[in-house]
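Report on one structure; see the data block that follows.
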Amino acid sequence: MPELPEVETVVRDLRPLLSGRRLASVQVSMHNLRRPWVKAWATQLVGRRVEEVRRRGKWIVIALDGSLFLVIHLGMTGQLTVVPGTEPVANHTHLRIDLDDGRAQLRFRDVRRFGSATLFTDAAALERFFEKSGLGPEPFDLEARSWREKLRGTDRALKAVLLDQRVVAGVGNIYADESLFEARLHPGRKASDLSAAEAERLRKAVAKVLKRAIERRGSTIRDYVGGSGLRGGYQEEFRVYRRTGQPCPRCGATIVRERLAGRSTHYCRQCQRR
DNA sequence: ATAGGCGCCTGCTGGC
DNA sequence: TGCCAGCAGGCGCCTA
């Protein structure tokens, strides 16, 4: 699911709803997510105050007082919302945390359970976690020179490079395809073959596409909703993703789909030449 | 060290 | 209508 624009939307939605609130009772489901639940969490979380809600790549970080960090990844089908506690509990809801206003509840729902929730007990441990995964720079902070060098240093296909969270954090299958279309680059092009101008075009395209998608509150194909349950709107602006067989908005040629880097990849053969 | 493939899960869609 | 293959916003582990 959720790539950077969706996660950013969740974070922006949750920030005013969670900041300053204290966590009350915690309930976890019997199913493990990607990582098993740790029973001790429930007691560790109770009474903590939310100091900050932020994003790093596709990770949501809820910073609590006492240097505790609840870190959530939405995987493919994760939903993190704050709803009235009286709202019926949807199936596949794995975590519920009551807030101290006595009415609202933070809920984590994840049908496919590819998501995760992890608790870090100090800032250094959280930092080590991101470091160990090699999480790359945020796309809006990408420095032109290091980006160019990074591309020059690998023979992999552009599609694979964009999906690699170590190269740039937050891009997934939708926005990789949309960015490559915006930059008029074939997804199968070898990164090392790009000219400096092409590399720069791609860097700008990624930022432009992600920025616009955030403005539209991300893309909802099936499961994704923002922090207050609202769907996204960027799917209405897709130019290649999931548009196989339809005309290219730029040249009218037919959009094709191919398997690349193990993922469904959409592009225009006319505008995106090898 | 790097790149590719598979498995983890559930649910929906389209073809027969 | 039913069945089954294929597909889905991701990532981590295993191989070569």
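What follows is calculated from the coordinates using simple rules that are stated; it is not laboratory data. Fair warning: this is a prediction, and the values are worked out from it, not measured in the lab. When we count neighbours, we look across all protein chains shown, and the Cβ atoms used for this are built from the backbone with ideal geometry, even at glycine.
For the stretch A:43-86, list the strands (runs of 3 or more DSSP E) that sit wholly inside it and hold at least 2 residues that are acidic (Asp, Glu) and either over 14 Å from A:Leu33 (Cβ atoms) or in contact with a helix residue (DSSP H, G or I) (Cβ under 8 Å, 6 or more places away or on another chain) (or both); which are they?
On the way: elements: A:50-56, A:59-64, A:68-73, A:78-84.
By residue number, A:50-56.
Looking at the stretch A:138-174, which of its residues are in contact with a Ser or Thr (Cβ under 8 Å, 6 or more places away or on another chain) and more than 13 Å from DNA strand B (Cβ to nearest atom)?
Start the filter on the stretch A:138-174 by keeping residues that are in contact with a Ser or Thr (Cβ under 8 Å, 6 or more places away or on another chain), which leaves A:151-155, A:159, A:161-162, A:165-166, A:171, A:173-174.
Passing the criteria: A:Val171, A:Ile174.
For the stretch A:113-171, what are the residues that are near DNA strand C (Cβ under 10 Å from one of its atoms), surrounded by fewer than 20 Cβ atoms within 10 Å (Cβ to Cβ) and over 24 Å from A:Phe69 (Cα atoms)?
A:Asp164
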